[in-house]
Amino acid sequence: MEANIVKSVAFVVPIAGLAFLMAVGEPVEDQRCPGSLAFEKSRQLVEQHPDIVDVDWGNFRWIADCRFSMGGNADINTENGLDRRDFELVVAFDPQLRRWQQVSFSISQ
């Protein structure tokens with residue numbers, strides 16, 4: 001009987017430990033400000049500008065300290081029709097509000 005208890009404990013303890021690690025997880029530095037969420041927030045912010053009709057997404061890069069930059073070309077609705085211009089958007093994670101915020105948005109003239 002004791003052998004069965006030892007076998008059961010030897011089987012259950014590692015599985016319980018694995019389940020605990022999966023639930024709690026090991027803190028990873030990149031999880032604090034994942035690029036995929038920054039990319040999606042950047043897309044949302046660009047699409048909120050009413051004069052932008054279409055966007056050709058360019059490079060998306062990490063700057064530093066949870067700051068990401070996205071660039072590309074935007075078709076902008078003007079008085080003379082559509083005008084294609086370069087743009088750059090910088091987003092950063094605000095730890096106090098726990099959300100992504102627009103830091104800067106510039107469109108070439």
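Please treat every number below as a calculation from the coordinates, not as lab data. Since this is a predicted model, take the numbers as computed values, not measurements. For neighbour counting, all protein chains shown are included, and Cβ atoms are generated from backbone atoms with ideal geometry for every residue, glycine included.
Can you list the equivalent-ellipsoid semi-axes of the stretch 62-106, largest first and in whole Å, using the square root of 5 times each Cα gyration tensor eigenvalue? If you can, show how the numbers build up before the last one.
Working: eigenvalues 161, 25, 6 Å².
Over the Cα atoms of the stretch 62-106, the ellipsoid semi-axes are 28, 11, 5 Å.
Give the separation of the Cα centroids, the stretch 79-109 to the stretch 38-57, in Å.
8 Å
Do any trypsin sites (Lys or Arg not before Pro) in the stretch 60-109 lie in a loop, going by DSSP, with at most 13 other beta-carbon atoms within 10 Å of their beta carbon, and if so which?
Numbers: sites: Arg61, Arg67, Arg84, Arg85, Arg98, Arg99; in loops: Arg98.
Those satisfying the criteria are Arg98.
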